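Read through the structure below, which is laid out as structure tokens, and then see the notes.
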């Protein structure tokens, strides 16, 4: 069992839908989006395209963030999801330093969506989901997954560019897509052809545009 | 052929990381982990938080007994190695016992430096490196009101923040001119200084302690060199750590401040490796050997050592100094080279005194080599990636500071999409 995500960049239109639905589902604080859309440039001027790249926690096979956690708050579950136990997290920020994806954020003690105007009713209501002073990140919408639902960003992607499933199961949608299409993993920790360096091996796959 | 026996001295981050690697490549080899303490492995980095009461329920063990059972590893407690004899391929314990090995990894970590201060032993000084230290300190703090901390390094700062939150009066005494001198320059140090002063801490920078003594009323009297003095109920020594090296006399293992190792974590003597705080490995920027006593270096070195001990050929890419502190809702990060004498570095700086924001990016030519920022929303992991991958930042330098482009732009540009090859 290894949960993973496949994002089809041919379908992704960069509408930020995933980012908004992630925020709605997880009530992430300002500046700390778990699911984001970045844009990169493809080609050489004047033949240039601006392409979206939705990013989230990559749920690496060999997560460095879990290794450096001095309290064991960050864990890799048997189903492949990397989680943070907020009861054990002390906010030491070691994991933020080593994650090359910028996937982790500190939940601030004071935060307002609209600075100076007080917290919105939604922020107040969703406070119980968080523990200020601890580090948070995408957990593949674990509460939803445990109920048998897909992560919010997958279910609500209007271009239907996101797929979620078991990478270990050869018959799952995600496995089939990876088999049939050209894909890449964002793996900045490994230089191409650098040899046997320890790999992060992310569980998020991108199908080429 | 008999299985190889891997002996690992220590049970910290480097040791556990090596254990994982050895087991990955060699499912049947014998592995034995030694710890001088009588408990499961834990990280010294968690102790200031344990002291602060941020971890309430239980001690944050890094691994439990089940893990060692699953990894088919012997975890021996109370075993302090005092001598290594590489010719005979054996180690000597403090209790006189002898243990044979085929591959030895020295990952014994570090121990606090005791500054040469007159009267320090007499008044009783606390440190915070082991669980026992933490327990003793908690006991001493029970009746104390005022605490003096020697050293404004990472541990000193974290203890100070922990104690201030618990409403102790705190004095911090630092011999350098700013707090966190290893990680921040004086300008950034001033900001951290101000944050502490804002929370009623007394910070004495540029002061060395001439002597300490116990007064008649039970308080500890601390006299500075030159002028000035202070008193405290409890004195904590946090001036720094040094590698905890077992006796290596009559061996060819070279020792400087730590055990000198090559890129493969080998000590030069067959079958003996070193990793973590005890090892002196190459610096990422200069290639010179330095002790980089931080958790991520320990993990990386342990993993390299473990892989090489199980017959792989992996090399360490060099340590990058870095740190993160979160004090009273202010975050401060420092990564990479902060000052390099003799090198002409281009520095881009931006600060906002009112909001207490500080940002400094340090470039060597077009490459980012260091950064420090306080209360900025830049992601330190991405900065570290840009440094580590030596990304060409020519077009992004000023844009980054001007906030014209986000930090993720050079990150995205540096990605090589594996499918496009």
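A few remarks follow.
- Taking each DSSP H run with n ≥ 4 as -39500 (n - 2.57) and averaging over every residue of chain A yields -4500 deg cm²/dmol at 222 nm.
- DSSP-defined beta bridges in the protein assembly as shown - what % are antiparallel, rounded to 5: 65
- With 0.36 nm allotted per residue and the present C-alpha distance subtracted, the residue B:345-residue B:28 stretch has 109.1 nm of extension available.
- Distance between region B:298-362 and region B:1-77 - C-alpha centres, whole angstrom: 26
- Cα centroid separation - region B:374-413 against region A:132-159, whole Å: 28
- Anisotropy class of region B:224-322 from Cα gyration tensor, a/c 1.5 cut: prolate
- In terms of surrounding Cβ atoms within a 10 Å radius of their Cβ, B:84, B:239 rank from fewest to most as B:239, B:84.
- Seen against the Cα atoms of chain A and their longest principal axis, helix A:17-26 is set at about 30 degrees.
- Number of partner chain Cβ atoms within 10 Å, mean per residue of A:62-69: 5
- Peptide packing for A:203-209, B:244-250, A:62-68, B:140-146 was compared via the average number of neighbouring C-beta atoms within 10 Å per residue; ordered from the highest value, the list is A:62-68, A:203-209, B:244-250, B:140-146.
- Computed on region A:3-207, with alpha-carbon pairs under 8 angstrom and 6+ residues apart, the relative contact order is 30 percent.
- DSSP beta bridge pairing in chain A, given as percent antiparallel to the nearest 5: 85
- Per principal axis, descending, Cα span of chain B in whole Å: 69, 68, 43
- Summarised in one figure, the compactness ratio Rg/Rh of the protein assembly as shown, Cα atoms and Kirkwood Rh, is 0.97.
- Sorted by Cβ density within 10 Å, fewest first, the residues A:106, A:158, B:309: A:158, A:106, B:309
- Percent of Cα-Cα distances greater than 19 Å, calculated over region A:52-124: 46
- Result for chain B in a Gaussian network model with C-alpha springs under 10 Å: among B:81, B:290, B:255, the largest mean-square fluctuation is at B:255.
- Secondary structure note: in chain B, about 60% of the DSSP beta bridges are antiparallel.
- Inverse of mean 1/r across different Cα pairs in region B:271-388, Kirkwood, Å: 15.7
- Alpha-carbon Debye profile of region B:331-420, log10 I(q)/I(0) at 0.13, 0.14, 0.26 Å⁻¹: -0.41, -0.48, -1.50
- Prolate is the label for region B:153-296, because a/c, from the alpha-carbon gyration tensor with a ≥ b ≥ c as root eigenvalues, is 1.5 or above and a/b exceeds b/c.
- Region A:3-207: mean projected area of Cα convex hull, nm²: 13.7
- Residues B:328, B:224, B:358, arranged from fewest to most other Cβ atoms within 10 angstrom of their Cβ, appear as B:328, B:224, B:358.
No lab work stands behind these numbers, since they all come straight from the coordinates. Keep in mind it's a predicted model, so treat the numbers as computed, not measured. So basically every Cβ, Gly included, is an ideal-geometry build from the backbone, and we count neighbours across all protein chains shown.
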